[in-house]
1. Go ahead and run the numbers for FRET between ARG158 and GLN230, Cβ-Cβ distance against an R0 of 41 Å, rounding to 0.05.
2. Please turn the phi angles of segment 451-456 into ³J(HN,Hα) values with the Karplus equation 6.51 cos²θ - 1.76 cosθ + 1.60 (θ = phi - 60°), one per residue in order, whole Hz, x for glycine and proline.
3. Where the Cα atoms of segment 173-296 are projected onto their three principal axes, how long is each span, largest first, in whole Å?
4. What residue among ALA319, SER252, GLY290 has its Cα farthest toward the positive end of the dipole of segment 232-386, where the charges are +1 on Lys, Arg and -1 on Asp, Glu, each on the Cβ?
5. How would you rank 146-159, 422-435, highest first, on the average number of other Cβ atoms within 10 Å across their residues?
6. Could you please report the charge total around ARG546, scoring K, R as +1 and D, E as -1 over all other residues with beta-carbon less than 10 angstrom from its beta-carbon?
7. What are the residues whose amide H is under 5 Å from the amide H of ILE81, where those residues sit 5 or more places off or on another chain and H is modelled from the backbone?
8. How high is the FRET efficiency between ILE521 and LYS446 when r is their beta carbon distance and R₀ equals 56 Å, given to the nearest 0.05?
Amino acid sequence: MVLRFPSRTRVLATCGLLASLGLLSVPLYRHFLPSDDLAPGLTIDGVAAGLQVGRGEPRTSGGQLESFVRERARALSERKITLVAHDSAADRVVLETTLGELGVRVDEERVVHLARAVGRQGALSTRVAACARARRGELDVPLGPSVDIAVLSAAVARIKETEDTPPLSARLDVEKRTPIPERTGYFVDLDATRTALAELAEDLPSRAEPAKLVLPMQSFAPRTTSAFVQSIDVHTVMSEYVTYFSRHNDQSRRGQNIDMAASKLNGLVLSPGELVSFNDVVGERSEENGFQKSWEIFKGEMKEGVGGGTCQVASTVHAAAFFAGLDIVERLPHSRPSAYIPMGLDATVVYPIVDMKLRNPFKFPVVLHAAVEGNRLRVAMLGRSRPASVSFSREVVETRAYPRKVEESPTAAAGKVIVKQHGIFGYRIERERILRFRGGKERVEKNKDFYPPTTEIYDVPPGFDVSLLPPLPTVTPDDAADPTAAAPLATNVTAPNTPPAPTSLTERGGSAWSTLPATPIMEDAPGSHAPTSAQSRPIKKVTIRR
């Protein structure tokens with residue numbers, strides 16, 4: 001006679017049925033199903049929770065489970081991780097941080113809920129089977145970490161500043177008529193980084209050494225390739241414009257900045273319909289990008305900053321593009337008339353907020369050729385043909401007087417006045433571009449520019465008598481109508497019907513100044529230059545045809 005014993009599953013099911021009928025003792029029932037704590041043997045994040053006790057002993061309080069999960073989540077958040085970029089030679093460390101600082105998070109309430117649900121959900125046989133698997137070490141409740149995209153984005157944004165490499169389109173070496181090769185661009189893929197980080201955090205082993213993640217990079221090709229550049233027809237000079245500058249004394253570094261900006265633009269190809277940003281091409285005006293400290297206009301005053309002179313390049317490019325018939329998509333005038341180019345043809349740029357943008361409206365590529373020879377900047381637009389002749393006209397319709405600001409300086413020498421900035425009249429102009437295309441079609445573009453008055457700024461010694469300064473010129477109705485008749489510079493103006501100036505300060509009442517001449521010595525500060533006639537007495541109406 002052969003004895004047959006029921007299977008383990010039948011035993012468990014029978015025990016469960018007996019327990020439900022009250023026919024099984026409580027200690028034996030607890031051997032198979034949890035009462036108010038975890039299923040015996042259950043692990044969380046691969047680690048035994050340590051909350052189970054021996055048979056017949058009282059169960060631990062529920063708060064221990066929350067504390068345990070909280071500790072496992074904290075340990076995960078503090079895990080060290082190294083982000084690396086995969087270069088051709090080897091992996092390069094980009095950032096050393098923790099998972100938590102990259103946005104890795106654990107939903108602790110969810111983990112606690114899943115742990116407590118083991119052996120408490122489903123049919124009785126299912127519950128008993130789950131508890132049996134837990135006892136055999138076959139059941140684990142993972143932390144299931146997620147990644148906070150806002151936190152990760154902030155961390156990746158800092159990385160992208162150094163790791164993202166924009167593509168460089170191929171250019172044309174105009175002198176040699178050969179292409180300058182393109183360069184592929186690369187960027188850190190945020191979505192792929194989030195996915196890889198979540199998978200890494202979920203699969204991390206329990207050992208304590210730092211984790212490592214290779215940053216997911218994506219490549220993208222430049223718009224213009226060498227093969228395309230090789231096929232470009234540039235035998236026609238569509239337009240050109242020339243401006244001049246100085247390299248003497250404090251203008252030397254400004255000249256170097258003009259050299260640098262022109263070199264970054266030279267050979268640039270504008271494909272049909274392409275929009276080009278001056279700031280994107282030239283880049284940040286910083287010493288790391290090749291620019292020098294020089295004088296520039298900042299908030300209406302001449303200040304020393306990095307990149308002074310770049311605006312002259314932008315203005316010359318604007319004028320050449322203007323007469324070539326390119327679309328001027330974005331452009332702002334300077335805060336004062338420029339000495340090197342007529343009002344209405346200038347363009348100011350301030351990285352990264354003030355830009356000049358051009359679009360090629362033609363069906364053929366246009367190449368920008370920027371060349372510097374000595375103190376001469378020449379910008380030409382080259383292409384297959386010249387679709388239109390262009391005329392430019394501008395008219396001054398309003399002239400405004402400039403204010404004065406006097407600043408006392410404790411270091412100023414007695415009897416000497418430093419001209420920090422010469423005053424320049426403000427002007428409102430109307431400008432017009434007429435494009436006459438082959439076949440007789442014509443397009444007229446009109447707009448207005450405003451150049452605010454430039455404040456005259458003096459540095460004087462403490463207690464200086466400001467009445468010794470030259471009187472400010474005034475704008476009469478005739479001046480407003482015809483700026484060619486505007487008053488001369490402030491430092492040379494004598495107001496009408498004004499009695500002669502005294503020969504010494506004694507005639508003004510004496511005091512500590514009595515031994516000084518009545519007329520102070522006027523001296524220009526570094527970076528301060530007297531305005532040209534084009535700035536102080538501009539011709540009312542100008543027309544240029546190309």
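Throughout, read-outs are computed from the coordinates displayed, never taken from laboratory work. These numbers were taken from a predicted model, which means no experiment stands behind them. All Cβ positions, even for glycine, are placed from backbone atoms using ideal geometry, and neighbour counts span all protein chains on display.
1. Values: r = 40 Å, r/R0 = 0.96.
FRET efficiency, ARG158 to GLN230: 0.55.
2. 10, x, x, 8, 5, 7
3. Dimensions of segment 173-296 along the principal axes of its Cα atoms: 69, 43, 24 Å.
4. It is ALA319.
5. Packing order, densest peptide first, comes out as 422-435, 146-159.
6. Working: positive: ARG386, ARG545; negative: GLU240.
Value of the local net charge: +1.
7. THR97, THR98, LEU99, ALA211
8. Numbers: r = 48 Å, r/R0 = 0.85.
Given R0 = 56 Å and the Cβ-Cβ separation, E is 0.70.
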